[in-house]
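Data block below; observations after.
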Amino acid sequence: MTVLVLDNPSLLAQAANLVANSTPGKADGAQRRPHRTKFHYGFNKHGLSDADTGMIEQHAVYIRQNPSVRVRIHGHSDNFGSEDYNQFLSRLRASNLARLLIQAGVQESQILQTGWGSCRPLATPDDHAANRRVELEYLTNDVSQALQG
């Protein structure tokens, strides 16, 4: 992993301003990015609950209002069954979430998908319910944009 260390105060200030200005405020009617980014599933399921679907719609509103934002959807499964099936199920979960975002108006080009199967558990491998999930990761280039400016 490469870490960029900035010791230039003006670049740090530019990056901070860019981040502050890229977060929509409530005063202009824009939506803030929802905080919840992990969504869990029942055993052998790939559909989300109604409450989770509502939260995905909130993410979609934010992403639509910010066309430069890209997201990566990470699909995961527990360790029951074969790894081939777990890979398939994790990709199915990620695809289902991507489909919901696209149906809510998000551009397909803003979405990346990854299926991890059971190889990246959130909790211990025995905590099956915690490991059956998708995670929504926001990809941003705030600091790199400040450096270019």
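A few comments on the model shown:
- Taking the inverse of the mean 1/r over every pair of distinct Cα atoms in segment 89-130 gives a Kirkwood hydrodynamic radius of 11.7 Å.
- Listed residues GLU83, GLU135, GLU108 arranged by accessible area, highest first, probe 1.4 Å: GLU108, GLU83, GLU135
- Accessible heavy-atom area order of ILE102, ILE111, ILE73, highest first, probe of 1.4 Å: ILE102, ILE111, ILE73
- What the Cβ-Cβ distance of THR124 and GLN58 gives, at R0 = 30 Å and to the nearest 0.05, is a FRET efficiency of 0.50.
- Karplus (6.51, -1.76, 1.60) ³J(HN,Hα), θ = phi - 60°, over segment 83-97, in Hz, Gly and Pro reported as x: 5, 4, 5, 5, 4, 4, 5, 5, 5, 5, 5, 5, 5, 5, 5
- Under 5 Å, built H, 5+ apart or other chain: amide partners of GLN113: ILE73
- For segment 126-140, 3J(HN,Hα) computed residue by residue from phi via the Karplus equation (6.51, -1.76, 1.60; θ = phi - 60°) reads 7, 8, 4, 4, 5, 7, 8, 7, 10, 10, 9, 10, 8, 9, 10 Hz, glycine and proline entered as x.
- Intensity falloff of segment 24-113 expressed as log10 I(q)/I(0), Debye formula with alpha-carbon point scatterers, at q = 0.11, 0.13, 0.16, 0.25 Å⁻¹: -0.34, -0.46, -0.66, -1.29
- Put SER90, SER109 in order of accessible area, highest first, and with a 1.4 Å probe you get SER109, SER90.
The values are calculated or read from the model by the stated rules, or taken from the named source; none is laboratory data. Small disclaimer: the values here were computed from a predicted structure and weren't measured. Please note: Cβ atoms are built from the backbone with ideal geometry, for glycine as well, and neighbour counts cover all protein chains shown. Just so you know, the surface numbers come from the protein's heavy atoms only, side chains and all, with ligands and any DNA or RNA stripped out. Shrake-Rupley method; radii C 1.70, N 1.55, O 1.52, S 1.80 Å.
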